[in-house]
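Enquirer: Encoded as structure tokens, here's the structure I'll be asking about.
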Amino acid sequence: MAAPAVRRADFLMTLAYATDLATGHSRDFALRSCVLAMRLAEVAGLDELTRRSVYHQALLRYIGCNADTHLLSAAFGDEIALRRDLQRIDIGNKPELAETIVRALKRTFADLPPEELAKAVERGLSEAMQVSVPILAGHCEVAERIAERIGLSKEIRENLGQLYERWDGKGLPRGLSGNAVKLPVRLVTLAQDAIALTEAHGYETMTTMIANRAGGAYEKELAGLFIAHSERLLAGLEEPVDRETILALEPTPHAMLEEEACEESYLAIADMIDMRMPSTFGHSRAVAALADAAGKKAGLPASDIRSVRWAAYTHDIGELAIPVSIWMRAGALTERETDAARLHPYHGERALASLGGEGKAIAALVLRHHERLDGSGYHRYARGSDLSPAARVLAADEAFQTAREARPYRAALSDTAAAAKLRSAVKDGKLCADAVEAVLTCAGQPGRRATAERLAGLTPREIEVLRLIAAGHTAKEAARLLEIAPKTADNHIQSLYSKIGVSTRAAAALYALERGMIEHGTSAA
Ligand SMILES: [Fe+2]
Ligand SMILES: [Fe+2]
């Protein structure tokens, strides 16, 4: 039986929830900003098409921001805290920006002795732009590609590619100014800043700050219009916004996703989750491929196989709530960090809660993907009676796939060792024997591999280079691993970028992910 069609707006809300977590925004921030932006669009008398763009820009502004999070984290530490701090300042104001970056650097290097700390902060500050600009350019390009995969129009995609641009040209990475920054982008930036500034400083201060930035960060007329109506525009927006409100705000026609489009949208979410750091590249795709095969092997009904596959694509969406530095730590986590990490299935369920129909079944599986039959899993310590056959397959599948992938704190297990680990968990009463056997039987099946025709005419060497840089290696490291000159590696990179039509490393990595080219064991971290 085909899956019932789903409103695309429901998918947008899932993405909005996930990006709120990843960017340190408050609960329902993107949803509330959508309501505010649509009210402002109405006051401004914008036409239906522009309002449609505003709607999507507000919900999806940050969908590209998971790309290269490990680089951001390596430079500035806790990226979620940094993003939260940046929301409260005028990033066009150099002293304010420098102060925020220094604060992040001091947090990152707090363990160093004072002299070394001062040097690390000085160096970090001087390299901040050089580090950030390519990362932000990658966010823009990845946002456009994810938007394309969920079927959004060219206009909406282009707006998403301008998310950090500003009216006065002090935005990044292109420094566009005036009307070159699209109206929906300008309007949503203003609306989102208004909410973030109200939360940080209160209503009165927010209006003063918006007025001060008129003609700078924001177009004067738009800022004036906002201030003139601000009380009415913001009414009720300190409270969470429900799904029906967002569905009702979507300008017509309301896009519906049939099963195939749902599959692609879930897959786009999987890639968005996995591209935060090299060690998880391709993880959700691999879990989904194995879940599908194991679900069939275990004789699950067709609708359960679909649910378990879609749950597998999204199972770690809640991980976005936890800074990458925690996931990438080679040493042990503190108790508090462990508690936060173990809550990711809860956040996952919340992110998927807006999906109607089959979404409930998917959310229920995501919630249980780390639970064990004997109650030793997390985060609800559920037991066997609460774990459906589909939940057991997903738990076994996820455990096996994770064991055979490397993590910063441990090496990958061989398939044989991972299988032994799962069988021992069966013996201990943690994992379901039937589910484990189904997973292990299927585990030998070859994954999806790209064919030469599908790879835009890349040469074998370019494919090797692409795999390495997608896995997080720098051009220099790729050159060393392939035993070629750095200049040659650079040439391969330029050539393959132009063949696959991208201009940033992050977009090239997404291209490789989309085609199943990531091989575990090649990651840089
Ligand atoms: Fe996982
Ligand atoms: Fe997980």
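Quick note: the coordinates plus some simple rules give every number you see, no bench work behind them. Small disclaimer: the values here were computed from a predicted structure and weren't measured. Quick reminder, even Gly has a Cβ in these numbers, built from the backbone with ideal geometry, and neighbours come from all protein chains shown.
Enquirer: What is the order of Val121, Val131, fewest Cβ neighbours within 10 Å to most?
Expert: Arranged by neighbour count, lowest to highest, Val121, Val131 become Val131, Val121.
Enquirer: Oh, and also: Which cross-chain or sequence-distant (5 or more) residues have an amide H under 5 Å from the amide H of Tyr218, H modelled 1.01 Å from N in plane?
Expert: none
Enquirer: Could you give me the ³J(HN,Hα) list for the stretch 30-46, computed from phi with Karplus coefficients 6.51, -1.76, 1.60 and θ = phi - 60°, whole Hz, x at Gly and Pro?
Expert: 5, 5, 5, 5, 5, 4, 4, 5, 5, 5, 5, 4, 6, 4, 7, x, 6
Enquirer: Among Ala508, Tyr55, Thr19, whose Cα lies farthest out toward the positive end of the dipole of the chain, if unit charges sit on the beta carbon of Lys, Arg (+1) and Asp, Glu (-1)?
Expert: Ala508
Enquirer: While we're looking at this one, here's another question. Give me, ordered by chain and number, the residues 5 or more places off Met256 or on other chains with an amide H under 5 Å from its own placed amide H.
Expert: Arg8
Enquirer: Mind checking the dipole of the stretch 452-514: about its Cα centre, +1 per Lys or Arg Cβ, -1 per Asp or Glu Cβ, Debye to the nearest 20?
Expert: On the way: 8 positive and 7 negative charges, 22 e Å.
Here the stretch 452-514 has a charge dipole of around 100 debye.
Enquirer: Can you figure out the FRET efficiency of Leu481 with Lys296, using R₀ = 45 Å and their beta-carbon distance, to the nearest 0.05?
Expert: Rounded to the nearest 0.05, the efficiency is 0.75.
Enquirer: May I ask you to evaluate 6.51 cos²θ - 1.76 cosθ + 1.60, the Karplus curve with θ = phi - 60°, for each residue of the stretch 190-195 and list the ³J(HN,Hα) values in order in whole Hz, giving x for glycine and proline?
Expert: These are the phi-based 3J(HN,Hα) values: 4, 4, 5, 4, 4, 5 Hz.
Enquirer: Treating the Cα atoms of the stretch 7-232 as identical point scatterers in vacuum, please give the log10 of the normalised Debye intensity I(q)/I(0) at q = 0.08, 0.12, 0.14 Å⁻¹, two decimals.
Expert: For the stretch 7-232, the Cα-only Debye profile gives -0.28, -0.64, -0.87.
Enquirer: Could you give the length gained by full extension between Ser495 and Thr441, i.e. 0.36 nm per residue of separation minus their alpha carbon distance, to one decimal place? Before the final figure, lay out the partial values.
Expert: Details: separation 54, 0.36 × 54 = 19.44 nm, distance 4.07 nm.
Once the chain is fully extended between Ser495 and Thr441, it gains 15.4 nm.
Enquirer: Looking at the stretch 182-253, I'd like the Rg to Rh ratio, where Rg is from alpha-carbon atoms and Rh is Kirkwood's inverse mean 1/r.
Expert: Expressed as Rg/Rh, it is 1.00.
Enquirer: Once you have the Cα-Cα distance between Met256 and Arg88, take 0.36 nm times their residue separation minus that, and quote the gain in nm to one decimal.
Expert: On the way: separation 168, 0.36 × 168 = 60.48 nm, distance 3.63 nm.
Answer, rounded to one decimal: 56.8 nm.
Enquirer: Amide H neighbours of Asp168 under 5 Å, counting only residues 5+ apart in sequence or on other chains, H built in-plane at 1.01 Å?
Expert: Correct list: Gly178.
Enquirer: Kindly write out, for the stretch 346-352 in residue order, the coupling ³J(HN,Hα) from the Karplus curve 6.51 cos²θ - 1.76 cosθ + 1.60 (θ = phi - 60°), rounded to whole Hz, with x marking Gly and Pro.
Expert: Using θ = phi - 60°, the values come out as 5, 4, x, 4, 4, 5, 8 Hz.
Enquirer: For the stretch 452-514, just run the numbers: alpha carbon Rg, then divide by 2.2 N^0.38 Å, N being how many residues it has.
Expert: 0.98
Enquirer: Given the convex hull of the Cα atoms of the stretch 6-114, what is a quarter of its surface area in nm²?
Expert: Mean projected area for the stretch 6-114: 8.9 nm², to one decimal.
Enquirer: Please give the helix 460-470 orientation as an angle from the longest Cα principal axis of the chain, in degrees from 0 to 90, rounded to the nearest 10.
Expert: Orientation of helix 460-470: about 70 degrees from the principal axis.
Enquirer: Can you list the GluC sites (Glu not before Pro) in the stretch 206-305 that are in a DSSP coil and have 15 or fewer other beta carbons within 10 angstrom? Provide the component values of the computation, followed by the final result.
Expert: Details: sites: Glu219, Glu221, Glu231, Glu238, Glu244, Glu258, Glu259, Glu260, Glu263, Glu264; in loops: Glu219, Glu238, Glu258.
Here the GluC sites (Glu not before Pro) that fit, given the DSSP loop and packing criteria, are Glu238, Glu258.
Enquirer: Then there is this: DSSP loop (so not H, G, I, E, B), at most 15 other Cβ within 10 Å: list which trypsin sites (Lys or Arg not before Pro) in the stretch 9-87 pass both filters. Walk me through the numbers on the way to the answer.
Expert: Numbers: sites: Arg27, Arg32, Arg39, Arg51, Arg52, Arg61, Arg83, Arg84; in loops: Arg27, Arg61.
Those that pass, being in a loop and sparsely packed, are Arg27.
Enquirer: With each pseudo-label sitting 7 Å past Cα toward Cβ, what's the Glu48-Asp434 distance in nm, one decimal?
Expert: 5.2
Enquirer: Give me the distance in nm between label points sitting 7 Å out from Cα along the Cα-to-Cβ direction at Glu264 and Arg461, one decimal.
Expert: 3.5
Enquirer: Quick one: in the chain, what % of C-alpha pairs are over 41 Å apart?
Expert: 21
Enquirer: Sticking with this one: Along Cα→Cβ, 7 Å out, is where each label goes; now give me the distance between the ones at Ser376 and Ala180 in nm to one decimal.
Expert: 6.1
Enquirer: Now a separate question. So what's the convex hull volume per residue for the Cα atoms of the stretch 259-442, in Å³?
Expert: Details: hull volume 20.0 nm³, N = 184.
About 109 Å³ per residue, rounded to a whole number.
Enquirer: For a quick check of your reading of the filter: which chymotrypsin sites (Phe, Trp or Tyr not before Pro) in the stretch 163-241 sit in a DSSP loop and have no more than 16 other Cβ atoms within 10 Å?
Expert: Filter output for the stretch 163-241: empty list.
Enquirer: Positive end of the dipole of the chain, charges at C-beta (+1 Lys, Arg; -1 Asp, Glu), about the Cα centre: which of Gly216, Ala470, Leu163 has its Cα farthest in that direction?
Expert: It is Ala470.
Enquirer: If you line up the long axis of helix 259-274 against the longest principal axis of the chain, both from Cα atoms, how many degrees apart are they, to the nearest 10?
Expert: Tilt relative to the chain: about 80 degrees.
Enquirer: Sorted by packing (mean other beta-carbon atoms within 10 Å per residue), highest first, where do 338-344, 187-193 land?
Expert: So the order, starting with the most tightly packed, is 187-193, 338-344.
Enquirer: Can you give me the angle between helix 486-500 and the longest principal axis of the chain, using Cα atoms only, in degrees from 0 to 90, rounded to the nearest 10?
Expert: Between the helix axis and the principal axis of the chain, the angle is about 80 degrees.
Enquirer: Mind sorting Leu290, Leu233 by how few other Cβ atoms lie within 10 Å of their own Cβ, fewest first?
Expert: In order of increasing Cβ crowding within 10 Å: Leu233, Leu290.
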